[in-house]
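Worksheet: one structure, shown below.
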Amino acid sequence: MGKPLPRALAIVTILKCSLGTGILGLPYVSGLVRLGIAAPLILVFGATVVLGIWRLIECRTMLLKQVSLEKGGKAELEAADKMGLGPLAIVASRTFGKMGVFAVGVLICTCQLGIGVAYTCVLVQTLAEDAILGRHLPTWSLHLGVCVVLCLLSLMRQLKSLAWLSGAALTIYFYMLVALIYFGSLELADGRAMELSSEQWGPPRWDHFGLFFGNVMFALCAIVLALYVYEDMQLEDPKKFIPVLACSIGSSSMLYVFVGIFGYLSYGDSIKSVFYLSFPAGHPAVTVGEIALIIVITLTYALQMYPVMTVLESATSHFAARSKGHDAAETSQEEQEKSGFSTAHVGVRLMAVLLTQVVAYAVPSFACVTGYSGCFAVAMLSFILPPLCHAKIHQYSLPLKHWIINIYLLVTGLAALFFGMTATSCH
């Protein structure tokens, strides 16, 4: 085991996860529901995500205590992680068995596939700008070109050489935020934005709430990474992780509030679903930023799809081993490492990429994709899974305050599913 991850670096790591594509649509969806309700709800959702993550950490801590008392318990936990799903799968395995691992696998893959679709939407919309390729190529050809490039990238098995991408992506997103402040300030100063009025702040428009909720949850999707960060900190007292969560998620939420309010006030109802598409077309600073973002997102796509590829390859190896009469998939995995890709592994990787491309072509709205992904996969991982696992581990014998927290998380998760189905529009 390596050195513990310092607290400051842990906070920065979670913050880096928050500053991603999800932030690009916040001004648009904040305006849809109006700023008076959007701003406080972003903070409420951030606090609720902290509660969900903490519930899972409590589960993880209790499981480790149980494992230390059980013969073979550690091996069981390690087996639960062989699919590459991490601490979430370990908690789900001990609470709901194979079905729990399966559910977590489906949700994580759905979440990552949603990110892949969102990345594709951003890539195509940015490439379609007149200053880049929009005047020269039709949209369908841009989709085809993006698909070919991403399929080739998906065949990369070793992603260590792309570790620099996290820093590069953070730099580009920061650049776009600075550009938002600069160009947005010009809009406000020149009076080209819609007049500041009470209509921008209310009354709430609940018919767009599903789209707003999903986009915010998509932006706050840090539950999987947060559990890895917690493990890397190697804390003796789990409660010492609470300030890390509060600081990182809290800072992210405050940033989201600022971006949502400032972006919408600057451009009004003319704000695009990806805010930098509202910047002056053809401006050199904008074009440079868009080209850099295209490169980074294209390469980052492979990293975001890595969990999906790991699960698919593990499942493929497992079924291949069973078809050969083996008792476990470890032998097949070892052979795979020695012999390289099999046809089946190449096939499942390409199928995963093609799935994201087909969905992105059928549903080209970035806000719609992030809305549905946030309302379903992210909300279930953050709000529904944690209280269920917590109650099950404690055999449903909990103090009242814990029941209140668990019920609150469940109600929030169920509300996300309801609004995701009834109030998420792709028009």
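Search the stretch 112-144 for residues being without any contact (Cβ under 8 Å) to a residue 12 or more places away in the chain and either among the small types (G, A, S) or in contact with a strand residue (DSSP E or B) (Cβ under 6 Å, 6 or more places away or on another chain) (or both), and hand back the single one that is surrounded by the fewest Cβ atoms within 10 Å (Cβ to Cβ).
The residue in question is S141.
Does R94 qualify as being more than 17 Å from the chain's Cα centre (by Cα), of a type in the set (D, E, K, R), more than 30 Å from I271 (Cβ to Cβ) and modelled with pLDDT of 90 or more? Spell out how you get there, then give the answer.
Values: more than 17 Å from the chain's Cα centre (by Cα): yes; of a type in the set (D, E, K, R): yes; more than 30 Å from I271 (Cβ to Cβ): yes; modelled with pLDDT of 90 or more: no.
Criteria not met by R94.
Among the listed residues V259, V216, which satisfies the condition of being under 22 Å from the mean Cα position of the chain (by Cα), of a type outside the set (G, A, S), at pLDDT 85 or above and over 16 Å from T48 (Cα atoms)? Spell out how you get there, then give the answer.
Numbers: V216 fails: over 16 Å from T48 (Cα atoms).
Unique residue meeting the criteria: V259.
If a residue has to be among the hydroxyl-bearing types (S, T, Y), assigned to a helix (DSSP H, G or I) and within 24 Å of L56 (Cα to Cα) to count, how many in the stretch 395-427 make the cut?
Filtering the stretch 395-427 for residues among the hydroxyl-bearing types (S, T, Y) gives 396-397, 408, 412, 422, 424-425.
Narrowing the set further to residues that are assigned to a helix (DSSP H, G or I) leaves 408, 412, 422.
Still in the running and within 24 Å of L56 (Cα to Cα): 408, 412.
Qualifying residue count for the region: 2.
Across the stretch 208-227, which residue is farthest from I384 (Cα to Cα) among those that are touching a Phe, Trp or Tyr at 6+ places or on another chain (Cβ under 8 Å) and among the aromatic types (F, W, Y)?
Filtering first and then ranking leaves F209.
Looking only at the stretch 1-26, which residues are more than 18 Å from G116 (Cα to Cα) and outside any helix (DSSP H, G or I)?
Listed by number, the residues that qualify are M1, G2, K3, P4, L5, P6.
Report, ordered by the first and then the second residue, all pairs with beta carbons closer than 6 Å, sequence separation of six or more or different chains, a first member in the stretch 244-266 that is in contact (Cβ under 8 Å) with a residue 24 or more places away in the chain, and a second member that is of a type in the set (F, W, Y).
So the pair list comes out as G263/F275.
Kindly indicate the residue of the stretch 373-423 that is surrounded by fewer than 24 Cβ atoms within 10 Å (Cβ to Cβ), among the hydroxyl-bearing types (S, T, Y) and touching a helix residue (DSSP H, G or I) at 6+ places or on another chain (Cβ under 7 Å) and also farthest from V117 (Cα to Cα) among those meeting that condition.
Filtering first and then ranking leaves T412.
Quick check: is even one residue across the stretch 342-362 buried (at least 19 other Cβ atoms within 10 Å of the Cβ), under 26 Å from V224 (Cβ atoms) and modelled with pLDDT under 85?
Yes, there is a match, as at least one residue in the stretch 342-362 is buried (at least 19 other Cβ atoms within 10 Å of the Cβ), under 26 Å from V224 (Cβ atoms) and modelled with pLDDT under 85.
Of all the residues that make up the stretch 228-263, how many are at negative phi, surrounded by fewer than 20 Cβ atoms within 10 Å (Cβ to Cβ) and not hydrophobic (A, V, I, L, M, F, W, C)?
Within the stretch 228-263, residues that are at negative phi, surrounded by fewer than 20 Cβ atoms within 10 Å (Cβ to Cβ) and not hydrophobic (A, V, I, L, M, F, W, C) number 11.
So which residues in the stretch 226-239 are assigned to a helix (DSSP H, G or I) and in contact (Cβ under 8 Å) with a residue 60 or more places away in the chain, if there are any at all? Talk me through it step by step, then tell me what you get.
Taking the stretch 226-239 and keeping what is assigned to a helix (DSSP H, G or I), we get 226-233, 238-239.
Residues satisfying the conditions are A226, L227, Y228, V229, Y230, E231, D232, M233, P238.
Could you figure out which of (1) crowded, with 16+ Cβ neighbours inside 10 Å; (2) without any contact (Cβ under 8 Å) to a residue 12 or more places away in the chain; (3) not small (G, A, S) isn't true of M305?
(2)
Is it true that L381 is closer than 18 Å to I57 by Cβ, touching a Gly at 6+ places or on another chain (Cβ under 9 Å) and modelled with pLDDT under 90?
Details: closer than 18 Å to I57 by Cβ: yes; touching a Gly at 6+ places or on another chain (Cβ under 9 Å): yes; modelled with pLDDT under 90: yes.
Judged against the criteria, L381 is a match.
Taking the stretch 343-371 only, how many residues are polar (S, T, N, Q) and part of a loop (DSSP other than H, G, I, E, B)?
Final tally of qualifying residues: 1.
Do the conditions hold for L41, that is, is it closer than 28 Å to A103 by Cβ, crowded, with 17+ Cβ neighbours inside 10 Å and either in contact with a strand residue (DSSP E or B) (Cβ under 8 Å, 6 or more places away or on another chain) or at pLDDT below 85 (or both)? Give the steps one after another, and end with the answer.
Numbers: closer than 28 Å to A103 by Cβ: yes; crowded, with 17+ Cβ neighbours inside 10 Å: yes; either in contact with a strand residue (DSSP E or B) (Cβ under 8 Å, 6 or more places away or on another chain) or at pLDDT below 85 (or both): no.
In short, no.
The values are calculated or read from the model by the stated rules, or taken from the named source; none is laboratory data. These figures come from a predicted structure and were not determined experimentally. So basically every Cβ, Gly included, is an ideal-geometry build from the backbone, and we count neighbours across all protein chains shown.
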